Amino acid sequence: MRLAVLQGAGDTGLVAVDALRPEWDVQRCANLNELSAALHERTPQVVLFRADEALVPLESLEGLVAGSPLVQWIALVTPEELEDPRVRRLVAQTCTDYQTLPLDAVRLRHTVGHAAGMGRLRARVMEGVTSPSELGLVGASPVMLKLMRGLEKVAAVDAPVLVHGETGTGKELVARAIHARSSRRRGPFVAVNCGALPPTLIHSELFGHERGAFTGAASRRIGRIETARGGTVFLDEIGDLSAELQSHLLRFLEESTIERLGNGDPIRVDARVIAATHVDLEGAVAEGRFREDLYYRLNVLRLDTPPLRERGDDIELLARFFFQRYRSESAPGVRGFSREAIAAMQQHPWPGNVRELLNRVRRALVMSERRLIGAADLGLDRRARPRRQETLERARIAAEREAVLGSLRANRNNVTRAAQQLGVSRVTLYRLLDKHGLRSHGAAEAQ
Ligand SMILES: Nc1ncnc2c1ncn2[C@@H]1O[C@H](COP(=O)(O)OP(=O)(O)OP(=O)(O)O)[C@@H](O)[C@H]1O
Ligand SMILES: [Mg+2]
């Protein structure tokens, strides 16, 4: 039977019980402890509670609400209580619905039934988006759903894939998900960071070498592409590959053969390539740092991992997901996030994206001394940053944008000359163009 828990004494309680039975099993709780125990032991679908400070401190209630996201909370309030801004906030931000007293049995039955339906819907959404058995990606925002649809499509074919996105947006996670959904899932998934090794080492890392191929090559080494035979090789930071390695890679993509260093014989290798980059490869092609033919070859199937700041409510979903995942590391008694923390997360620009969110939640779990993680525990306390600094920050950003625009104009959109004038590298200037959304302004026409 469906279970509703009721915290509310006297006539209010009696009316509510009468209205809901026998359809609902109604458990009554006299105080916060009983309510907390009922939540843990019986997992009710709906909780009805009196938002009366004299009965239960509002902050404790907020804690219980945050700690049980799949329960639907319905507040029972008097019109006078709704005059209290804290009650209004609790009701508006954490409850599924509310009823004003005195209670009306018909209306209450309807509200409780509706809330339960809402709860089922929410449970299905949470299940769908947080279950690791799905793609392993948490998110339900339109940009993420688009990414997930794209992912399913590219997983079904065997061509190379390019994953593009800012740092920490989940490029490697996406690559692993493609592999896991592909026909190669039983084969190996081999990840290589092309930017982490010097060019001399990366060559033999990727393609292998024979004994004596160069000084210090004491024995034969099998390269990572060969190791990925039958599976997928994930080439991270592909934009960092040298021109020579780019041509070797292109050859591998076209002919499925590689050569070990020190041996000119082609070796057939059946491995799928998934490449990732956080830089804009089109810009690198325009500057002659990346082979155009290789770019087109890789760019046939392209997935973009969106920045966290464009994912809306996913920020909260992800925060709760990481909260659950790392909960065992936390101080005991931490129940969830305060409303203030959620609001601060929504406003933060997240330059480090999902990885930054993960790190902040993890740190907050260890550091928090309260039941609810606050903005300060996440390092997002706005009071800690004086307003003046915010204004200064904005002024800096505006000045930077102005300088970039001005110099592009002065140099007729020639990126090389504009970069020289500004005293930055072309790569940095491209990054600035992206940051300020000026790509279409200058870079498109730039040589
Ligand atoms: N949608 C998501 N759902 C759950 N976890 C995610 C999601 N996106 C990213 N993560 C987690 O965030 C962390 C960073 O993701 P990942 O390493 O895949 O990003 P990246 O784009 O490769 O970063 P970098 O550019 O720094 O290499 C990982 O721990 C990953 O599991
Ligand atoms: Mg990565």
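Where a number appears in this text, it was derived from the coordinates with a stated rule and is not lab data. Just so it is clear, the structure is predicted and the values come from calculations on it, not from any experiment. Virtual Cβ from ideal backbone geometry, glycine too; neighbours counted across all protein chains shown.
Considering the chain as a Gaussian network with a 10 Å cut-off on Cα pairs, which listed residue, Asp84, Asp25, Asp104, attains the greatest mean-square fluctuation?
Asp84
Just tell me the longest site-free run in the chain, where the sites are GluC sites (Glu not before Pro) in a DSSP loop having at most 12 other beta-carbon atoms within 10 Å.
Segment 81-368 is the longest.
If the reach is capped at under 27 angstrom between alpha carbons, list the lysines near Lys435, excluding any in the same chain fewer than eight residues apart.
Lys146, Lys171
Using the 2.2 N^0.38 Å rule of thumb for compact globular proteins, work out how region 245-356 stacks up: its C-alpha Rg over that value, please.
1.65
I want to make sure I understand the PRE zone here: with the label point 7 angstrom from the Cα of Asp158 toward its beta carbon, which residues in region 251-265 have backbone N atoms less than 19 Å away?
In region 251-265, the label zone of Asp158 (backbone N under 19 Å from the point 7 Å along Cα→Cβ) covers 251-258.
Pull up all non-local amide H partners of Thr232: gap of 5 or more, or a different chain, and H-to-H distance under 5 Å with H placed in the peptide plane.
Phe189, Val190, Arg272
When the label point is put 7 Å from the Cα of Arg327 along its Cα-to-beta-carbon vector, which residues of region 44-77 have a backbone N closer than 11 Å?
What the label zone holds, given the 11 Å backbone N cut-off, is 67-70.
About its Cα centre, what dipole magnitude does region 308-384 give when the only charges are +1 on Lys and Arg Cβ and -1 on Asp and Glu Cβ, stated in debye to the nearest 20?
It comes to approximately 160 debye.
Provide the three semi-axes, in whole Å and in decreasing order, of the ellipsoid equivalent to region 11-73 as defined by the square roots of 5 times the Cα gyration tensor eigenvalues.
Working from the Cα gyration tensor, I get semi-axes of 19, 15, 10 Å.
Rounded to whole Å and ordered largest first, report the semi-axes of the equivalent ellipsoid of region 155-305 derived from its Cα gyration tensor (root of 5λ).
The answer is 24, 18, 14 Å, longest axis first.
Note down the relative contact order for the chain as a percent, whole number, built from C-alpha pairs under 8 angstrom at least six residues apart.
Relative contact order for the chain comes out at 12 percent.
Using the 2.2 N^0.38 Å rule of thumb for compact globular proteins, work out how region 163-233 stacks up: its C-alpha Rg over that value, please.
So the Cα radius of gyration is 1.31 times the expected 2.2 N^0.38 Å.
For a footprinting-style exposure proxy, rank Thr232, Thr111 by other Cβ within 10 Å, fewest first.
Listed from fewest to most nearby Cβ atoms, that is Thr111, Thr232.
Taking the Cα centre of the chain as origin and charging only Cβ (+1 Lys, Arg; -1 Asp, Glu), how large is the dipole, in debye to the nearest 20?
Magnitude of the dipole: close to 700 debye.
With springs connecting C-alpha atoms under 10 Å apart, model the chain as a Gaussian network and identify which of Thr200, Thr43, Thr215 has the largest mean-square fluctuation.
Greatest mean-square fluctuation among the candidates belongs to Thr215.
Compute the semi-axes of the equivalent ellipsoid of the chain, taking the square root of 5 times each eigenvalue of the Cα gyration tensor, and list them largest first in whole Å.
54, 28, 18
Could you list which residues have their amide H under 5 Å from that of Ala276, counting only those 5 or more apart in sequence or on another chain, with H placed in the peptide plane?
For Ala276, whose amide H was placed from the backbone, the distant partners under 5 Å are Val163, Leu235, Asp236, Glu237, Ile238.
Under 10 Å, Cα contacts only: if you run a Gaussian network model on the chain, which one of Ile373, Ile267, Ile238 comes out with the highest mean-square fluctuation?
Ile267
Determine which residues of region 14-54 fall in the zone a paramagnetic label at Val106 would reach in this model, i.e. backbone nitrogen under 16 Å from the point 7 Å along Cα→Cβ.
19-20, by backbone N distance to the label point.
Taking each pair of different alpha-carbon atoms in region 2-128 once, compute 1/r for the pair, average those values, and report the inverse of that mean as the Kirkwood hydrodynamic radius in Å to one decimal.
14.5 Å is the Kirkwood radius here.
Roughly how many Å is it from the Cα centre of region 228-307 to that of region 324-346, as a whole number?
Here the two parts' Cα centres lie 41 Å apart.
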